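Have a look at the structure below, then the notes.
The values are calculated or read from the model by the stated rules, or taken from the named source; none is laboratory data. Keep in mind that this is a model prediction, so the values were computed, not measured. Neighbour counts are summed over all protein chains in view; Cβ atoms, including those assigned to glycine, are modelled from backbone coordinates with ideal geometry. Calculation scope for accessible area: heavy atoms of the full protein, side chains included, ligands and nucleic acids excluded. Shrake-Rupley method; radii C 1.70, N 1.55, O 1.52, S 1.80 Å.
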Amino acid sequence: MMDKIARALTGKKGLIAYITAGFPDYAECERAVLTAVGAGADVIEIGLPFSDPLADGPVLQKASADALFAGATTEKTLRLANRLRQKTAAPLLIMSYINPIAAFGVDRFAAEAAAAGIDGLILPDVPEEEKDVAAGALEKRGLSLISFIAPTSGEERIAAICARARTGFIYCLARTGVTGAGGGFDQATENLVRTARQYAHLPIAIGFGIADAKTARQAAEYADAAIVGSALVENLRQGGHQAVGSFIRSLRRELDRCG
Amino acid sequence: MIKGLPDKRGKFGGFGGRFVPETVMPALLGLEKEYLKLRRDREFQTELRRWLRGYAGRPTTLYRADRLSKHYGRAAVYLKREDLLHTGAHKINNAIGQALLALRMGKTRAVAETGAGQHGVAAATACALFGLNCVVYMGEEDMERQRLNVFRMRMLGAEVRPVASGTGTLKDATSEAIRDWVANVRDTHYIIGTAAGPHPYPLLVRDFQSVIGRETKAQAAKEGLRISKVIACVGGGSNAIGMFFPFRNDRSIEKIGVEAGGRGLDKENAATINRGRPGFLHGSYSYLMQDGEGQVLPVYSLSAGLDYPGVGPEHAYYHEAGAARYMAVTDDEAIEAFKLLTRLEGIIPALESAHALASLETVMPGTAPGEAVIVCLSGRGDKDVEMVEKYLGGKR
Ligand SMILES: Cc1ncc(COP(=O)(O)O)c(C=O)c1O
């Protein structure tokens, strides 16, 4: 039986939206998430800010720093998740780095995240080899820990990673490098998805480099879902949650055309 | 007894590991495989030794500092003169080793981070020597306080990219270097400058720097010295682990790591083991200066090379295992030691190394004549004279 996250990405081309928690503040961030869901996002990633986001480009680095400066904390982010859970059924994931989670306590975080209605975690600095720092605690609370594959992974790793992944989706990095709208896709991405397909039991989502309707469509041509982060956060910075709404709608329209 | 660490997963006790994006995992696994092979490869080791001798200036002397010893009136103080190496610091040991490794792996480009600029200069030098393209990331604040080294790197053909994000110091330069590496991993090798980062970096940097301790051990044996203590400053911990590792099973020899106490341990400092808690940064689990939320804290030291909120995982392990002792000295104490060595011995030490020297104030009273205390003089202080002049000016 498919889990809730995977189900939300099945039957049509999925759209996953990333928003930094507490950016520009918690109230506007909450409006932005709800607007994104209303405009057609299927799954939400809430970014729990970290001071040293190794996998992020300038836009998300800045959003993270601004959110921290404005007073973002893990507790407040869990409360945001809880409020969102009252208002939407969309799967909610927390995307962060291992250090803030470890500082909170992995077991405690898993318990409180589950209680707040979170469905899973995405930790880009926790590769397959290190998953045991969090996997046990998360599994016990029914939370998914999303697996990554990259253009550099190679078939053997892709096979092993995809075969082990049981819930959520496979996060396929569209290119080497950090988050950020520029840069487009790595040529290897299409092959990467095709290889992953042979081994994965889960939907495959493409992220890193989806900037607009055109790149979203490109992703949807071979993957099951597109993940959008920097471009969305940039819209939020420039035009508030209203801009997020029209941006997500434009992606949704394009994805629905791919069917 | 310290066992043969790290283990297969790159862990020193519970510390270390590989907390990096999937994109670079295959590169780390490849690097590990290649390095473990070259580690036992006679030809590679011979080639490395040849460059260290003929080019870098090894072996460095173990110098008996008589006037400094007399000043304390106890044990004899010996200085391991890494400051005499080409480019002026121990960093060249590692830079040459890693550049050779990069060549073996067919890489054409190298990225490095730098704080004081010493590792940046060493990396730029090794890249010039072996014909690799070189990009060095350096915090904006550090570029200002270490201008001389910025010029040197540029002369050597390296591109120096300023890093303004975060605190504009070594931590942020390291993040940017890793981001570049993640993006360009197919043709690029990351020459990390200290014994930190994801496995296998702490291992290979330790190996390349262990020449310091190995030579010291042989030189001391030849002179029949009875070493009671070996002392080194700890930024990320490369010169210290290079000195400590070959002595790891000599239990009668105390290993003392000296961290940057900045303005004081209750004020701003960069004394990671003394003041931090275990956490994850730049790919490894070790001690970290962080707040209760797990956000990395800004750190401070007058010495740019020690101004880093993390520390290599092997030191975290030595600390917990009681295999080494980690203390801290303040900026003021380091400056006093800087002046003292300059006046008494005619050797201008790097501010980083001056931290190791400053520990003698508290260490020496507990020693006795007939013992030898070894201080790793990790680098020369030419790069720091402007800073020191300004600092003293402000004090007057
Ligand atoms: C002369 C010198 N000593 C020490 C250090 C600190 O590094 P580590 O702790 O890796 O030896 C630096 C770093 O820039 C340095 O330039």
#### Entry: Counted residues, region B:120-161 - those being open to solvent by 10 Å² or more (accessible area, probe 1.4 Å) and within 15 Å of residue B:194 (Cβ to Cβ)
1
### Message
So, in region B:155-190, how many residues would count as being more than 7 Å from chain A (Cβ to nearest Cβ), of a type in the set (Val, Ile, Thr) and farther than 17 Å from residue B:116 by Cα?
### Response
1
### Task
Only residues in region B:377-396 that are more than 27 Å from residue B:77 (Cα to Cα) count as the first member; pair them with residues that are open to solvent by less than 20 Å² (accessible area, probe 1.4 Å), Cβ under 6 angstrom, at least 6 apart or cross-chain, and list the lot.
none
### Task
Inspect region B:110-117 for any residue being within 21 Å of residue B:283 (Cα to Cα) and either within 14 Å of chain A (Cβ to nearest Cβ) or free of Cβ contacts under 8 Å to residues at least 24 places away in the same chain (or both) and give the result as yes or no.
yes
## Note on the structure
Going through (1) out of contact with any Leu (no Cβ under 7 Å at 6 or more places or on another chain); (2) among the polar types (S, T, N, Q); (3) not in a helix (DSSP H, G or I) one by one, residue A:179 fails only at (1)
### Task
Answer with yes or no whether residue B:152 is within 16 Å of the ligand (Cβ to nearest atom) and either within 12 Å of another protein chain (Cβ to nearest Cβ) or part of a helix (DSSP H, G or I) (or both).
yes
### Pair list, Cβ < 6 Å and 6+ apart or interchain, from region B:222-250 residues that are open to solvent by less than 10 Å² (accessible area, probe 1.4 Å) to residues that are within 16 Å of the ligand (Cβ to nearest atom) and of a type in the set (Asp, Glu)
B:233/B:352; B:234/B:259; B:241/B:314
### Task
Inspect all residues belonging to region B:186-195 and state whether any of them is surrounded by 24 or more Cβ atoms within 10 Å (Cβ to Cβ), over 24 Å from residue B:242 (Cα atoms) and in contact (Cβ under 8 Å) with a residue 60 or more places away in the chain.
no
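Being open to solvent by 40 Å² or more (accessible area, probe 1.4 Å), in a helix (DSSP H, G or I) and in contact with a strand residue (DSSP E or B) (Cβ under 7 Å, 6 or more places away or on another chain) narrows it down to one of B:315, B:319, so name that one. Working first, answer last.
Values: B:315 fails: open to solvent by 40 Å² or more (accessible area, probe 1.4 Å).
Exactly one residue qualifies, and that residue is B:319.
From A:89, A:63, which residue is over 18 Å from residue A:180 (Cα atoms) and either modelled with pLDDT of 95 or more or crowded, with 24+ Cβ neighbours inside 10 Å (or both)? Steps first, answer last, please.
Details: A:63 fails: over 18 Å from residue A:180 (Cα atoms).
Step by step, each of A:89, A:63 is checked, and only A:89 is over 18 Å from residue A:180 (Cα atoms) and either modelled with pLDDT of 95 or more or crowded, with 24+ Cβ neighbours inside 10 Å (or both).
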#### Entry: Residue check for residue B:370: in contact with a Ser or Thr (Cβ under 8 Å, 6 or more places away or on another chain) and either touching a residue at least 40 places away in the same chain (Cβ under 8 Å) or of a type outside the set (A, V, I, L, M, F, W, C) (or both)
no
